[in-house]
Amino acid sequence: MIVAMSHNQLVSATSVGNYDQGDLICPCCRQPVIYKHGQYRIPHFSHKSKLDCVGFSENESQTHLKGKLMFKQQVEAIGHLVEIEATMMSIEQRADVFLPNDQLVLEYQCSPISFSEIARRTRNYRSLGYDVIWILGDRRRTGILRSEAVAKFARFHPQLGFYIIFYSVANNQFWLYFQLRELAGKIVSQARNFSTLAAILKFVQSYQQPATPAISLNKNRTSLLNQLKRIQQSIVLKNNTYRDMVTKCYESGRIFVGCPMICHSKQGMGVPLFKRTILCWKVWLVLQLFESGQSDVSNDQLNDLFVQSVKLFGRQMAQVDNYVRFFQIEFTNFIIALRTQGYVRHTIDGIKIVRQPEWFSGYDQKRRFIMTSGHLM
């Protein structure tokens, strides 16, 4: 291993000369270790005892260990008390970096981890009253803009929206991906890089979300055409993304790719917590509301639809408490959009169906409409 501890301080094998080697212990099992190096040997530590160390640091990557050391140095530099690999016996977990005065844990995640495991660890920390920020290794940036990864690691901030933090040991660089959202079936974000944790904290504290710029008709048209093309290709290739909704539409005598334009409202933009894209969810709601033959939908029926839609389409988030509240906002906004465009009107008891949204006969008809219409939404 490349780190040891001396008087509760984490010591790198490359700087051991500054410490009394007789005080060095393993950060996991707390047993004495020996510093070893030589002309043909990389500096490292080895246990004096022949007993196996059951801690995880023996098997940790050099990148993970260096990252924790860097976090410690940077947090101490801004005046915070820091503990490395703090053991929390009541939950049987060991925090990578613990800020006791701030009741905050920093976890540096460089290896794959399941949703259930990250949710369990997060829940355990919070049961002790500690917040936890998962900072991901540089290699994990590949594929992060996928709904599964966002569900594991994204946090929420009122100004930043959903966000994820990365740190590269090799470049000594942080990346902040923020304003994560689904746009026309894809996860998109803004991104900025920082040299220190302090710089990220300052950015978070001072960031003010700018007003959303108006999207031009041409840009809107291009976005919709690209989404329509991806849908058609996915259906032709029989991918799983839209399969269930293709079947659901077919059972109602409709074609999924021909769904009403209201389903694409705001270019299909929404929060990134849908299992099968926000488009699938909107098409499902349109089928439930307009294909049932009812002219009136009560508030109780609307609530039932909301609960069903969360179960069918909601993707739970490990780092966001009460993620359902975001789903509720999306549901309310869609009903308001239906009312604004004249498909429903509100009543004392719920909503009344005023007119039916128009479905298209297929891909070609819808594509022609998007290309030629002067008003898409």
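The values are calculated or read from the model by the stated rules, or taken from the named source; none is laboratory data. Fair warning: this is a prediction, and the values are worked out from it, not measured in the lab. With ideal geometry, Cβ positions are generated from the backbone for all residues, glycine too; neighbour counts draw on all protein chains shown. For accessibility, only protein heavy atoms count, side chains too; no ligands or nucleic acids. Shrake-Rupley method; radii C 1.70, N 1.55, O 1.52, S 1.80 Å.
Can we say residue 200 is among the aliphatic types (A, V, I, L, M) and open to solvent by 20 Å² or more (accessible area, probe 1.4 Å)?
When the stated conditions are applied, residue 200 does not pass them.
If you check residue 75 against the conditions, is it open to solvent by less than 40 Å² (accessible area, probe 1.4 Å), at pLDDT 70 or above, outside any loop (DSSP other than H, G, I, E, B) and over 29 Å from residue 171 (Cβ atoms)?
No, not satisfied.
Looking only at segment 1-52, filter to residues that are among the basic types (Lys, Arg) and at pLDDT 75 or above; which one of those is least open to solvent (accessible area, probe 1.4 Å)? If you could, list the steps in order and put the result at the bottom.
Narrowing segment 1-52 to residues among the basic types (Lys, Arg): 30, 36, 41, 48, 50.
Subset that is at pLDDT 75 or above: 36, 48.
Details: 36: 69, 48: 122 Å².
Only one residue tops the list, namely 36.
Please go through segment 110-132 and give me each residue that is under 12 Å from residue 319 (Cβ atoms), within 15 Å of the chain's Cα centre (by Cα) and surrounded by fewer than 19 Cβ atoms within 10 Å (Cβ to Cβ), ordered by number.
115, 119
Show the residue pairs meeting these rules: Cβ distance below 8 Å; 6+ apart or different chains; first residue within segment 101-128 and in contact (Cβ under 8 Å) with a residue 60 or more places away in the chain; second residue in a strand (DSSP E or B) and among the aliphatic types (A, V, I, L, M).
Pairs that qualify, where the first residue is in contact (Cβ under 8 Å) with a residue 60 or more places away in the chain and the partner is in a strand (DSSP E or B) and among the aliphatic types (A, V, I, L, M), are 122/132.
Within segment 99-107, is there a residue that is under 22 Å from residue 323 (Cβ atoms) and hydrophobic (A, V, I, L, M, F, W, C)?
Checked segment 99-107: at least one residue is under 22 Å from residue 323 (Cβ atoms) and hydrophobic (A, V, I, L, M, F, W, C).
Applying the selection to segment 169-193, what residues are charged (D, E, K, R) and open to solvent by 20 Å² or more (accessible area, probe 1.4 Å)?
Correct list: 181, 186, 192.
Sort out which residues of segment 300-339 are among the charged types (D, E, K, R) and closer than 15 Å to residue 286 by Cα, and write them in order of number.
Hits for segment 300-339 are 304, 330, 339.
Determine which single condition residue 151 fails, assuming it passes every other condition in (1) crowded, with 18+ Cβ neighbours inside 10 Å; (2) aliphatic (A, V, I, L, M); (3) in a strand (DSSP E or B).
For residue 151, the failing item is (3).
Can you tell me which residue in segment 263-285 is surrounded by the fewest Cβ atoms within 10 Å (Cβ to Cβ), limited to those that are assigned to a loop (DSSP other than H, G, I, E, B) and in contact (Cβ under 8 Å) with a residue 40 or more places away in the chain?
The residue in question is 275.
Quick test of your reading of the structure: residue 166 fulfils all but one of (1) open to solvent by 20 Å² or more (accessible area, probe 1.4 Å); (2) at negative phi. Name the failing condition by number.
Here residue 166 meets the rest and fails (1).
Anything in segment 74-88 that is of a type in the set (A, V, I, L, M, F, W, C) and touching a Lys or Arg at 6+ places or on another chain (Cβ under 9 Å)? List them, or say none.
So the first thing to find is which residues in segment 74-88 are of a type in the set (A, V, I, L, M, F, W, C), and the list is 75, 77-78, 81-82, 84, 86, 88.
Matches in segment 74-88: 82, 84, 86, 88.
Of the residues in segment 133-148, how many are open to solvent by 40 Å² or more (accessible area, probe 1.4 Å) and in a helix (DSSP H, G or I)?
Residues meeting the conditions: 5.
Assess whether residue 328 counts as being touching a residue at least 24 places away in the same chain (Cβ under 8 Å) and polar (S, T, N, Q).
When the stated conditions are applied, residue 328 does not pass them.
Only one of these conditions is not met by residue 191: (1) at pLDDT 90 or above; (2) part of a helix (DSSP H, G or I); (3) under 19 Å from the mean Cα position of the chain (by Cα). Which number is it?
Condition not satisfied by residue 191: (2).
Is segment 240-262 home to any residue that is part of a helix (DSSP H, G or I), among the hydroxyl-bearing types (Ser, Thr, Tyr) and without any contact (Cβ under 8 Å) to a residue 40 or more places away in the chain? Lay out the reasoning, then the answer.
First, the residues of segment 240-262 that are part of a helix (DSSP H, G or I): 243-251, 256-258, 261-262.
From what's left, among the hydroxyl-bearing types (Ser, Thr, Tyr): 247, 250.
Then keep just the ones that are without any contact (Cβ under 8 Å) to a residue 40 or more places away in the chain; that gives 247, 250.
Yes: segment 240-262 contains one or more residues that are part of a helix (DSSP H, G or I), among the hydroxyl-bearing types (Ser, Thr, Tyr) and without any contact (Cβ under 8 Å) to a residue 40 or more places away in the chain.
Given the criteria in contact (Cβ under 8 Å) with a residue 24 or more places away in the chain and more than 19 Å from residue 359 (Cα to Cα), does residue 222 qualify? Give the steps one after another, and end with the answer.
Values: in contact (Cβ under 8 Å) with a residue 24 or more places away in the chain: no; more than 19 Å from residue 359 (Cα to Cα): yes.
No: the conditions fail for residue 222.
Just checking, how many residues over segment 228-239 are touching a residue at least 12 places away in the same chain (Cβ under 8 Å) and farther than 17 Å from residue 359 by Cα?
2
Mind listing whichever residues of segment 129-147 are in contact (Cβ under 8 Å) with a residue 40 or more places away in the chain, of a type outside the set (S, T, N, Q) and more than 17 Å from residue 68 (Cα to Cα)?
145, 146
Go through segment 213-225 and give me each residue that's open to solvent by 80 Å² or more (accessible area, probe 1.4 Å) and modelled with pLDDT of 75 or more.
218, 219
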